[in-house]
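The values are calculated or read from the model by the stated rules, or taken from the named source; none is laboratory data. Remember, it's a predicted structure, so these values are computed and weren't measured experimentally. We place every Cβ from the backbone using ideal geometry, glycine too, and count neighbours over all the protein chains shown.
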């Protein structure tokens, strides 16, 4: 479920930022995009502008903060640079270089799509980090009838998995990926397959979305049966999310997953 966003920095959070940054905070601007952080703000000090995100230390998803900090050195060039990670006074905070740019446009014929795919391909070329990451068979276990189907999702590629356009920043002709808390290990074709669902939700037909995904080298390695199983899994997953969520993006994603499952039957 989404986390309630604070509109003002608590005093202890401001002090923690100033201690970690080694400079006074002179301006704070709340950022509304994103769903998973209690704090998401553009923070200026005399010498730098940062994007700071954070969760209370007792939040059930606070582990994603540590995961993002661990992943950062491996995804240099396709993600904003991590400046620091601070945990104190009841908070876990991450500070990244602040990148000017809008979120990706996933509508048909968008000029952003080739850049997103180019960065996705660069991600697939990154050697698997020596970190304890969730494996896709484990993440999707709840949504299969036959545990043997989970074998389709196994692999040794680093995956982002969370392709909401708010997680993709466009800077000129380049795409930068943010929110790596759900980075996982699995078959390389899974990322373009999960991405195409968002394309469908933003107006692509299933055929158009698969054509876009096919630009990824791993797509050609995707087994037809594996894609069929993933489509069924995603429909079940998004049925569950839409049932529990009141957010306006949940229903379009549920409809996209349903459409793709039908297409893949």
Response to the item:
With the first residue restricted to the stretch 152-172 and required to be in contact (Cβ under 8 Å) with a residue 24 or more places away in the chain and not assigned by TED's automatic domain parsing to the domain that holds residue 219, and the second required to be surrounded by fewer than 21 Cβ atoms within 10 Å (Cβ to Cβ) and not in a loop (DSSP other than H, G, I, E, B), Cβ contacts under 7 Å at 6 or more apart or on different chains are none
Worksheet item: Condition test on residue 72, is it assigned by TED's automatic domain parsing to the domain that holds residue 223 and either within 28 Å of residue 241 (Cα to Cα) or outside any strand (DSSP E or B) (or both)?
Response: no
Worksheet item: Does residue 227 qualify as being surrounded by 22 or more Cβ atoms within 10 Å (Cβ to Cβ) and touching a residue at least 12 places away in the same chain (Cβ under 8 Å)?
Response: no
Worksheet item: Where residues in the stretch 198-209 are surrounded by fewer than 21 Cβ atoms within 10 Å (Cβ to Cβ) and without any contact (Cβ under 8 Å) to a residue 60 or more places away in the chain, which of them is farthest from residue 238 (Cα to Cα)?
Response: 207
Worksheet item: If you go through the stretch 237-257 one residue at a time, do you hit one that is in contact with a strand residue (DSSP E or B) (Cβ under 7 Å, 6 or more places away or on another chain), assigned by TED's automatic domain parsing to the domain that holds residue 123 and within 24 Å of residue 63 (Cβ to Cβ)?
Response: no
Fill in: Per-region count, the stretch 102-143, residues under 19 Å from residue 75 (Cα atoms) and in a loop (DSSP other than H, G, I, E, B)
10
Fill in: Leading residue by the ranking (farthest from residue 101 (Cα to Cα)) among those in the stretch 146-172 that are touching a strand residue (DSSP E or B) at 6+ places or on another chain (Cβ under 6 Å) and part of a strand (DSSP E or B)
159
Worksheet item: Got a sec? Which of 88, 104, 115 is in contact with a helix residue (DSSP H, G or I) (Cβ under 9 Å, 6 or more places away or on another chain), surrounded by 15 or more Cβ atoms within 10 Å (Cβ to Cβ) and in contact (Cβ under 8 Å) with a residue 60 or more places away in the chain?
Response: 104
Discussion item. For the stretch 173-197, give me the residue count where each residue is closer than 28 Å to residue 85 by Cα, in contact (Cβ under 8 Å) with a residue 60 or more places away in the chain and touching a strand residue (DSSP E or B) at 6+ places or on another chain (Cβ under 9 Å).
Written reply: 9
Worksheet item: On the given criteria, is residue 9 surrounded by 14 or more Cβ atoms within 10 Å (Cβ to Cβ), out of contact with any strand residue (DSSP E or B) (no Cβ under 6 Å at 6 or more places or on another chain) and modelled with pLDDT under 90?
Response: no
